[in-house]
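Reading through the structure tokens given below for one structure.
What follows draws every value from the coordinates through simple rules; no lab data is involved. Quick caveat: nothing in here was measured; it's all calculated off a predicted structure. Every residue, glycine as well, gets a Cβ built from its backbone with ideal geometry; the counts of neighbours run over all protein chains shown.
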Amino acid sequence: MTISSIAACNRATPAQEPVVTSSYTITGVAVVDVEKGIVIPDQTVIITGERIKTVGPQAELSAPEGSHVIDGRGLYLMPGLVDAHVHYFDPEVFGRVMIANGVLLVHDMGQPTEQVLSLRDALNRGERLGPEMIATGSILDGDPPLIPSISLGLKTPEAGRAAVRQQAEAGVDEIKVYSRLDKEVFLAIVDEAQKVGLKVVGHVPESVYIEDATAAGLRSSEHLFGFEKIVAKLLGEQVTTTYLGMGSDAGYLQHLGEVNPEELQGVYRRLRESGLTVCPTVVTFKTFTQVKTIQAGSFPYSEFISPGILDIWQSQWSQQNDRPDFVWQNWVQMVSGLNKAGVPLMVGTDLMTPGIIPGYSVHEEMTIWQEAGIPPADVLRSATLVPAQFMGLEDRLGAVAEGKSASLVLLTANPLEDVRNAQLIEAVFLRGQYYSRDDLNRLLDEAEELAKP
């Protein structure tokens with residue numbers, strides 16, 4: 001089954017009905033301020049409709065008449081999590097598992113434009129069960145493109161400009177570029193996107209050095225592609241700018257420890273000053289060490305992967321073997337260095353890569369970062385506020401504050417002490433709709449049933 005056909009045949013099923021009232025009041029809860037990296041104890045949070053009406057000390061606020069009261073003593077309330085890099089191909093399953101894991105916003109980074117924009121609008125209007133979505137539509141790549149089913153292959157600058165206008169007229173949120181683009185086509189795409197007011201995100205094309213790409217206007221680097229050329233350049237190696245295969249220079253990561261750390265931090269600071277945000281998806285590269293296990297269908301949470309998705313995974317990795325650990329281990333050390341340099345980071349997973357499970361992989365990515373020495377507060381910020389800001393949604397997402405959307409996660413332990421505590425979910429609010437722990441368990445049961453043949 002092809003990627004486009006699996007997306008087209010997703011079956012719409014009745015959503016599990018959450019508890020719905022016009023008002024909720026959470027009393028005595030500890031509010032997690034992800035921006036400041038602190039917990040504010042003994043708060044009352046009043047939710048009316050889809051919005052947070054009031055946040056304040058428990059001693060000063062009372063529940064409005066008729067409000068559904070939730071005892072928040074011993075609990076922690078944080079903004080909903082974000083997966084900043086997905087390919088959302090199985091909406092009925094993915095949506096349920098995402099909500100159950102507290103992932104309430106996704107950044108779709110490549111599907112056929114008309115198809116994904118229809119899905120985006122249905123999700124954002126609440127007509128389909130799942131997180132909110134920001135979407136790029138089809139990927140703009142060289143000709144022939146790496147993934148023809150979800151890409152537009154572009155040979156000339158004129159074709160690149162026309163594709164940007166086409167995407168803009170269709171209503172995409174951003175423009176995504178990819179690895180095979182020629183430099184002049186890439187530059188034309190970025191220029192045209194700036195003219196129509198759209199942000200350019202995606203892969204650093206193999207034809208462009210990363211500092212040149214960001215200077216031109218590339219606003220995100222996905223998977224740290226392009227960073228291997230930084231290592232090569234700092235080692236005095238000739239940097240290749242012709243396409244030799246996606247990630248063909250990854251071997252340079254093995255020599256990361258040989259690079260002068262001050263020079264490397266200097267490059268990172270220049271990238272920060274250019275306005276670049278990085279979505280490294282380290283969990284993707286960690287799964288590359290388990291190819292044979294995943295091909296055999298023996299992996300955690302496999303019950304949430306439908307036969308159609310598994311077929312795609314097996315076809316993608318049918319000729320591959322397990323990758324060495326040094327790739328992802330050095331990758332995450334780069335992430336730690338970027339964090340120290342103040343480069344904005346976003347938690348993303350490249351959902352639809354074999355072995356990546358919706359929702360659960362967001363928590364795995366967060367854990368990987370923490371284990372590499374990144375402070376929990378920084379990790380949590382990268383999974384909430386930073387992607388909300390990057391996508392232009394900070395006016396209503398990324399914080400527990402008056403006037404924000406009530407897309408929130410209620411936890412039984414403090415995620416600022418250990419990001420793994422973000423998995424200890426007691427309840428979820430999705431734009432004011434309340435899902436108790438029992439509701440979330442039912443969503444997982446439904447997802448497992450929907451994923452069966």
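Treating the Cα atoms of the range 169-322 as identical point scatterers in vacuum, please give the log10 of the normalised Debye intensity I(q)/I(0) at q = 0.13 Å⁻¹, two decimals.
Each listed q maps to, in turn, -0.74.
Using the Cα atoms of the range 235-373 to build a convex hull, what is its mean projected area in square nanometres?
For the Cα atoms of the range 235-373, the hull's average projected area reads 9.4 nm².
Using a 10 Å cut-off on Cβ atoms, rank the peptides 100-107, 43-50, 277-284 from the highest mean neighbour count down.
Answer by packing, highest mean first, reads 100-107, 277-284, 43-50.
Given contacts defined as C-alpha pairs under 8 Å and at least six residues apart, what's the relative contact order of the chain, whole-number percent?
In percent, rounded to a whole number, it is 21.
Could you tell me the calculated FRET efficiency between V69 and I38, based on Cβ-Cβ distance and R0 = 35 angstrom, to the nearest 0.05?
Efficiency, rounded to the nearest 0.05: 0.85.
Determine the dipole magnitude for the range 132-217: charges of +1 sit on the beta-carbon of Lys and Arg, -1 on that of Asp and Glu, nothing else is charged, the reference point is the Cα centre, and the result goes in debye to the nearest 20.
The calculation lands at about 120 debye.
Hey, what do the phi angles of the range 113-124 turn into as Karplus ³J(HN,Hα) couplings, whole Hz, using 6.51/-1.76/1.60 and θ = phi - 60°, x for Gly and Pro?
Values per residue, Gly and Pro as x: 4, 4, 5, 6, 5, 5, 5, 3, 5, 5, 5, 6 Hz.
When all C-alpha to C-alpha distances in the range 26-110 are sorted into bins of 10 Å, what percent of pairs does each bin hold, rounded to whole numbers?
With a bin width of 10 Å, the distribution comes to 16, 37, 28, 16, 2.
Relative contact order for the range 82-234: what is it in percent, counting Cα pairs under 8 Å that are at least 6 residues apart?
17
Whole-Hz ³J(HN,Hα) for each residue in the range 418-428, computed from phi via Karplus 6.51 cos²θ - 1.76 cosθ + 1.60 with θ = phi - 60°, x for glycine and proline: what do you get?
Karplus-based 3J(HN,Hα) across the range 418-428 equals 7, 5, 5, 5, 5, 8, 8, 8, 8, 6, 9 Hz.
I'd like to compare 23-31, 217-225, 438-446, 292-300: which one has the highest average count of other Cβ atoms within 10 Å, and what's the full order after that?
217-225, 23-31, 438-446, 292-300
Taking amide hydrogens as modeled 1.01 Å from N in the peptide plane, which residues meet the under 5 Å criterion relative to L152, leaving out close sequence neighbours?
Hits under the 5 Å cutoff: I139, L140, D141.
For A401 paired with L61, estimate the spin-label separation in nm (one decimal), with each label point 7 Å from Cα along the Cα-to-Cβ line.
That separation, rounded to one decimal, is 1.5 nm.
Choose one of L443, L393, G66: the residue whose Cα lies farthest towards the positive end of the charge dipole of the chain (beta-carbon charges +1 Lys, Arg; -1 Asp, Glu; about the Cα centre).
Ranked along the dipole, the leading option is L393.
So for the range 307-373, what are the equivalent ellipsoid semi-axes in whole Å, largest first, each being the square root of 5 times an eigenvalue of the Cα gyration tensor?
26, 15, 9
Quick one: P(r) of the range 339-453 from all Cα-Cα pairs, 10 Å bins, percents rounded to integers, in order of increasing distance.
All Cα pairs considered, the percentages come to 12, 38, 39, 10, 1.
Tell me the Rg and the Dmax, in Å, that the Cα atoms of the range 369-418 produce.
Here Rg and the maximum Cα pair distance are 12.0, 35 Å.
If amide hydrogens are placed 1.01 Å from N in the peptide plane, which non-local residues have theirs closer than 5 Å to the one on G275?
Placed amide hydrogens put nothing under 5 Å from G275.
Considering only C-alpha atoms, what is the centroid distance from the range 391-453 to the range 230-291, in Å?
Between the Cα centres of the range 391-453 and the range 230-291 lies a distance of 33 Å.
Using Cα-Cα distances under 8 Å and only pairs 6 or more residues apart, what relative contact order does the range 42-135 have, in percent?
In percent, rounded to a whole number, it is 22.
Placing +1 at every Lys and Arg Cβ and -1 at every Asp and Glu Cβ, with all other atoms neutral, what dipole size does the chain have around its Cα centre, in debye to the nearest 20?
I would put it at about 340 debye.
Using label points projected 7 Å from each Cα along Cα→Cβ, tell me how many nm separate E114 and H255, to one decimal.
4.9
So for each of 382-389, 153-160, 259-266, 181-188 I average, over its residues, the number of other beta carbons within 10 Å; can you give me the resulting order with the highest mean first?
Going by the mean number of other Cβ atoms within 10 Å, highest first, we get 382-389, 181-188, 153-160, 259-266.
Can you pull the percent of Cα pairs in the range 14-168 with separation above 29 Å?
39
Per residue of the chain, what 222 nm ellipticity follows from adding -39500 (n - 2.57) for every DSSP H run with n ≥ 4, rounded to the nearest 500?
-10500 deg cm²/dmol
Count the net charge of all other residues whose Cβ sits under 15 Å from the Cβ of I374, scoring Lys and Arg as +1 and Asp and Glu as -1.
Charge balance in the 15 Å sphere: -3.
Using 0.36 nm per residue of separation minus the Cα-Cα distance, give me the extension gain between N321 and R125 in nm, one decimal.
Gain in length upon complete extension: 66.3 nm.
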